[in-house]
Amino acid sequence: MMVVGDSFTVGSGPVPRWRAYACEAARLMGWQPVVAGAGGTGFLNAGRAGRTFRQSFEAELAWRPAPDVLVVSGGHNDHRWPAAQVGQAAGELVRHARSRWPRTRIVLVGPIWLEDAPPKAHRIRDALGEAARREGVEFLDPMGQRWVTGSRSEVVLPDGVHPTPAGHARLARWLAAALRR
């Protein structure tokens, strides 16, 4: 399983890459994870890493043999762009990945918000869902889940945004269950 994403995907704060939800989900599935991306990045946002998801895909994944599954997860950091442009960039990345690996299952995961998401996040989520439908790939909506069910500090780091190790474990179980369907 290969995954492209942002800080939720690659880990942040006290959560290293190998403990982030993407690697944990792959382990739950019995798959080897290969994770690309960087904190602050998105479909259009290059973040401090200076590259978008498409550029991370090219630099870290495209040259490798085709995976069984490619998960592209994000949108959280793309709030400065119109949602339609974010959806267009997601569709272009999906088409590009499919042209390289025509037999790979591609799954698009919308922005992750552990608590109430702002209206812009919903518009980006909807644009990504539409891009997935247009491209004929699966779309998973983490915003449709309730992540904080007890103590907030159990799931959300003190930064108020990123998941704790327990939050990553919840995300991993959710993703693994969705990939099994």
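Pull out all pairs, ordered by first then second residue, where Cβ-Cβ is under 7 Å, the residues are six or more apart or on different chains, the first lies in segment 1-20 and is open to solvent by less than 10 Å² (accessible area, probe 1.4 Å), and the second is assigned to a loop (DSSP other than H, G, I, E, B) and hydroxyl-bearing (Ser, Thr, Tyr).
Listed pairs, sorted by first residue: 6/41.
Quick check, is residue 29 hydrophobic (A, V, I, L, M, F, W, C), touching a helix residue (DSSP H, G or I) at 6+ places or on another chain (Cβ under 7 Å) and open to solvent by 30 Å² or more (accessible area, probe 1.4 Å)?
It is true that residue 29 is hydrophobic (A, V, I, L, M, F, W, C), touching a helix residue (DSSP H, G or I) at 6+ places or on another chain (Cβ under 7 Å) and open to solvent by 30 Å² or more (accessible area, probe 1.4 Å).
Please determine, by comparing only the residues of segment 162-181 that are part of a loop (DSSP other than H, G, I, E, B) and at pLDDT 95 or above, which one is nearest to the chain's Cα centre (by Cα).
162
Contact list please: Cβ distance under 9 Å, first residue in segment 35-53 and part of a strand (DSSP E or B), second residue open to solvent by less than 20 Å² (accessible area, probe 1.4 Å) and of a type in the set (D, E, K, R), pairs at least six apart or on different chains.
Once the first residue is part of a strand (DSSP E or B) and sits in segment 35-53, its partners that are open to solvent by less than 20 Å² (accessible area, probe 1.4 Å) and of a type in the set (D, E, K, R) give 37/6.
Test residue 64 against the stated conditions and say whether it is open to solvent by 20 Å² or more (accessible area, probe 1.4 Å) and in contact (Cβ under 8 Å) with a residue 24 or more places away in the chain.
yes
Regarding segment 146-156, can at least one residue be identified that is in contact (Cβ under 8 Å) with a residue 12 or more places away in the chain, of a type in the set (Ser, Thr, Tyr) and not in a helix (DSSP H, G or I)?
Looking through segment 146-156, none of the residues is in contact (Cβ under 8 Å) with a residue 12 or more places away in the chain, of a type in the set (Ser, Thr, Tyr) and not in a helix (DSSP H, G or I).
Quick one: in segment 94-116, of everything that is in a loop (DSSP other than H, G, I, E, B) and more than 20 Å from residue 22 (Cβ to Cβ), which residue is modelled with the lowest pLDDT?
Looking at residues that are in a loop (DSSP other than H, G, I, E, B) and more than 20 Å from residue 22 (Cβ to Cβ), I get 116.
The values are calculated or read from the model by the stated rules, or taken from the named source; none is laboratory data. Note that the coordinates shown come from a computational prediction; the quantities given were computed from them, not determined experimentally. Methodologically, a virtual Cβ is constructed for each residue, glycine included, from the backbone with ideal geometry; neighbour enumeration extends over all protein chains shown. Side chains included, ligands, DNA and RNA excluded: accessible areas come from the protein's heavy atoms. Shrake-Rupley method; radii C 1.70, N 1.55, O 1.52, S 1.80 Å.
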